[in-house]
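I have placed the structure first, in the form of structure tokens, so that the comments after it can refer back to it.
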Amino acid sequence: MNWNYVDKILNKYFLTYKDKQRELKDNIQGIFNLDFKYDKLFNKANNNDISRFKRYLDKNKEFIKRNNYIAYISAKMGNKGKITYDDILKTMLYVEYAKFETNIYENQFDTFYNISEYVVNSEIEKVERLNPKKKRLSWTPEILLAILLTPNNMGNTWQEYTNGVSVYNAEEIYKQATIDLRKEKPLNVDNNTYREIFKKQQKREINKKLADKNDKFMGQIDNEDNYLINQEKLYVYLYYGVKKVQFKAVIDDRTTDVCENMNGKIFDIDNLTVGENLPPLHYNCRSYIDPYKIGD
């Protein structure tokens, strides 16, 4: 398994993510420029502002519907009798993150698929001699999509996972904005406080080596990719009739005790459970399975 190749693909995605995040920051600054005031934040908005807000929601409905929670909040605004400026600020931040989530999804999928093609072809070369008469496995985007729709080691599908991160990130910006408004400080995405928030959000997306271990969403791409890699390996092994697999941990100063204890153990392929003996065993686990004694 050439992890350097995988890291190269992930680094390419990270550059794309940073470009998309710059667009997100510009859109958030546009919201900040609407001149919210803390002393009016919880007052009912005037009719003109409410009308503009509802047009904004209607304009972005295709993005909103992709995130179940944000879709619920937006629909709630349509039926709410008293819409405050706080409602407008918070909901618009939610929507901008829903847009960002939608815009970045294609890049996420392409990243996962490029890695999956490499993994699947590498594993086929290892095991296809077990069943040489079997037609070579054909890997398709539809197979990857089906795996993405299964719960990962954290118990969430990829969409559920990204939905949660979008809401979490939007609320982080909202909380800082209300603090700044209360202190009568200008809302500026380029000041040091917001820069640190956006940097933290980058680390939640990718780069587990730098992520805060206490952050529940750190390195989400890295975590999902490890889940997918092991599912892809399992898919190939089942197709070609592999009977047993060996658990392999990446041994270095970041290896967890649970993975180090599992390193080298052999399991029947029909008795694998994600989180128990099929990696990932924990968040941002780097362990993987390999076929055991091909030909036995």
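Quick notes on this structure:
- Answer from 188, 163, 153 - the residue that is in contact (Cβ under 8 Å) with a residue 12 or more places away in the chain, polar (S, T, N, Q), in contact with a strand residue (DSSP E or B) (Cβ under 7 Å, 6 or more places away or on another chain) and surrounded by 13 or more Cβ atoms within 10 Å (Cβ to Cβ): 153
- Taking the conditions (1) closer than 17 Å to residue 230 by Cβ; (2) surrounded by 15 or more Cβ atoms within 10 Å (Cβ to Cβ); (3) not hydroxyl-bearing (Ser, Thr, Tyr) in turn, residue 121 satisfies each one other than (2).
- Just one of (1) at pLDDT 75 or above; (2) under 26 Å from residue 7 (Cβ atoms); (3) of a type in the set (Asp, Glu) fails for residue 184. It is (2).
- The stretch 86-142, residues that are part of a helix (DSSP H, G or I) and of a type in the set (Gly, Ala, Ser): 98, 116, 122
- Selection status of residue 173, over 30 Å from residue 269 (Cβ atoms), touching a helix residue (DSSP H, G or I) at 6+ places or on another chain (Cβ under 7 Å) and either crowded, with 16+ Cβ neighbours inside 10 Å or at pLDDT below 95 (or both): yes
- Scanning the stretch 78-116 for residues that are loosely packed, with under 15 Cβ neighbours inside 10 Å and more than 20 Å from residue 165 (Cα to Cα) gives 78, 79, 80, 81, 82.
- Qualifying residues in the stretch 80-130 (those that are in contact (Cβ under 8 Å) with a residue 60 or more places away in the chain and of a type in the set (Ser, Thr, Tyr)) - the one farthest from residue 46 (Cα to Cα): 122
- Condition broken by residue 270, with the remaining ones in (1) of a type in the set (D, E, K, R); (2) under 25 Å from residue 148 (Cβ atoms); (3) more than 17 Å from the chain's Cα centre (by Cα); (4) surrounded by 15 or more Cβ atoms within 10 Å (Cβ to Cβ) satisfied: (4)
- Residues (touching a residue at least 24 places away in the same chain (Cβ under 8 Å) and more than 18 Å from residue 240 (Cβ to Cβ)) located in the stretch 267-296: 274, 275, 277, 279, 280, 281, 282, 283, 284, 285, 286, 287
- Only one entry in 19, 35 is among the acidic types (Asp, Glu), part of a helix (DSSP H, G or I), under 22 Å from residue 197 (Cα atoms) and without any contact (Cβ under 8 Å) to a residue 12 or more places away in the chain, namely 19.
- Subset of the stretch 250-265 that is among the acidic types (Asp, Glu) and within 21 Å of residue 2 (Cα to Cα) - its residue that is modelled with the highest pLDDT: 260
- Residues in the stretch 4-34 that are under 25 Å from residue 201 (Cβ atoms) and over 20 Å from the mean Cα position of the chain (by Cα): 26, 27, 28, 29, 30, 31, 32, 33, 34.
- Residue selected from the stretch 124-139 under the condition surrounded by 11 or more Cβ atoms within 10 Å (Cβ to Cβ) and not basic (Lys, Arg), by the criterion farthest from residue 280 (Cα to Cα): 131
- Where a residue in the stretch 243-264 is in a helix (DSSP H, G or I) and its partner, wherever it lies, is surrounded by 15 or more Cβ atoms within 10 Å (Cβ to Cβ) and among the basic types (Lys, Arg), with Cβ under 8 Å and at least six apart: 259/286
- One residue alone among 83, 143, 73 is more than 30 Å from residue 22 (Cα to Cα) and at pLDDT 95 or above, and that residue is 143.
The values are calculated or read from the model by the stated rules, or taken from the named source; none is laboratory data. Remember, it's a predicted structure, so these values are computed and weren't measured experimentally. Neighbour counts run over all protein chains shown; Cβ positions are idealised from the backbone, glycine included.
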